[in-house]
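Q: Pasting a structure below so you can have a look.
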Amino acid sequence: MPGSADIFKMINRDELSHVRLFQKLIPEAMKIFPHSVDQIYEMFDTAVKHECRWTNHIVGNNILGITESSTENYTKYLANIRLRSIGLLPLYSGDKYNKSPYTHLERFSDTKKAAHTKANFFEASVTSYVMSSGVSGWDEI
């Protein structure tokens, strides 16, 4: 799937630019309109519901390691992070919203840390896999 990684990078960059914009914009708006905090919480809750419904429509339970429940937990986890970043308290309470349910999948996107992934997932080749030094005999094959 050549080019898929570039497309995902562009989408991610676009999404992150919106995050940074609103992390600056919303706190400034709250200074001018302090009564708007309830509306911000309502907006976040509505956005989370729409995002969960859309993701579950597209992905559902059809990808190994991703479920409708984990999608909801992850979306609420992200909403809590975004709310903290603008100086508000988390909207969703409970331990399951304090940690990403997808930490087991983050390893695959890790190109710099412990996973030692040498290429992106979509354009990887067999040379991207780390060889184990504990297995002997392969040189003779």
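Q: Can you find a residue that is out of contact with any Phe, Trp or Tyr (no Cβ under 7 Å at 6 or more places or on another chain) and outside any helix (DSSP H, G or I) anywhere in segment 5-14? Quick ask: steps written out before the conclusion?
A: Just the residues of segment 5-14 that are out of contact with any Phe, Trp or Tyr (no Cβ under 7 Å at 6 or more places or on another chain), to begin with: 6-14.
Filter once more, so that each one left must be outside any helix (DSSP H, G or I): none.
No - not one qualifying residue is present in segment 5-14.
Q: Does segment 31-46 contain any residue that is assigned to a helix (DSSP H, G or I), under 17 Å from the mean Cα position of the chain (by Cα) and not aromatic (F, W, Y)?
A: The answer is no, given that none of the residues of segment 31-46 is assigned to a helix (DSSP H, G or I), under 17 Å from the mean Cα position of the chain (by Cα) and not aromatic (F, W, Y).
Q: Evaluate the following for K96: is it of a type in the set (D, E, K, R), assigned to a helix (DSSP H, G or I), in contact with a Lys or Arg (Cβ under 9 Å, 6 or more places away or on another chain) and surrounded by 12 or more Cβ atoms within 10 Å (Cβ to Cβ)? Walk me through how you get there before you give the answer.
A: Numbers: of a type in the set (D, E, K, R): yes; assigned to a helix (DSSP H, G or I): yes; in contact with a Lys or Arg (Cβ under 9 Å, 6 or more places away or on another chain): yes; surrounded by 12 or more Cβ atoms within 10 Å (Cβ to Cβ): yes.
The answer is yes for K96.
Q: Could you please give the count of residues in segment 81-100 that are of a type outside the set (G, A, S) and at positive phi?
A: Of the residues in segment 81-100, 0 are of a type outside the set (G, A, S) and at positive phi.
Q: Can you go through G94, G65 and tell me which one is small (G, A, S), more than 21 Å from L16 (Cβ to Cβ) and over 16 Å from the mean Cα position of the chain (by Cα)?
A: Criteria check complete, one pass: G94.
Q: Being of a type in the set (F, W, Y) and without any contact (Cβ under 8 Å) to a residue 24 or more places away in the chain is the filter; apply it to segment 9-55 and report the residue that is farthest from Y74 (Cα to Cα).
A: Of the residues in segment 9-55, the ones of a type in the set (F, W, Y) are 22, 33, 41, 44, 54.
Going one step further and asking which of them are without any contact (Cβ under 8 Å) to a residue 24 or more places away in the chain, we end up with 33, 54.
Numbers: F33: 30, W54: 14 Å.
Across segment 9-55, the extreme among qualifying residues is F33.
Q: Take segment 21-53 and flag every residue that is surrounded by 12 or more Cβ atoms within 10 Å (Cβ to Cβ) and among the β-branched types (V, I, T).
A: I26, V37, I40, V48
No lab work stands behind these numbers, since they all come straight from the coordinates. Source: prediction; values computed, not measured. Glycine gets a Cβ as well: all are built from the backbone with ideal geometry, and neighbour counts include every protein chain shown.
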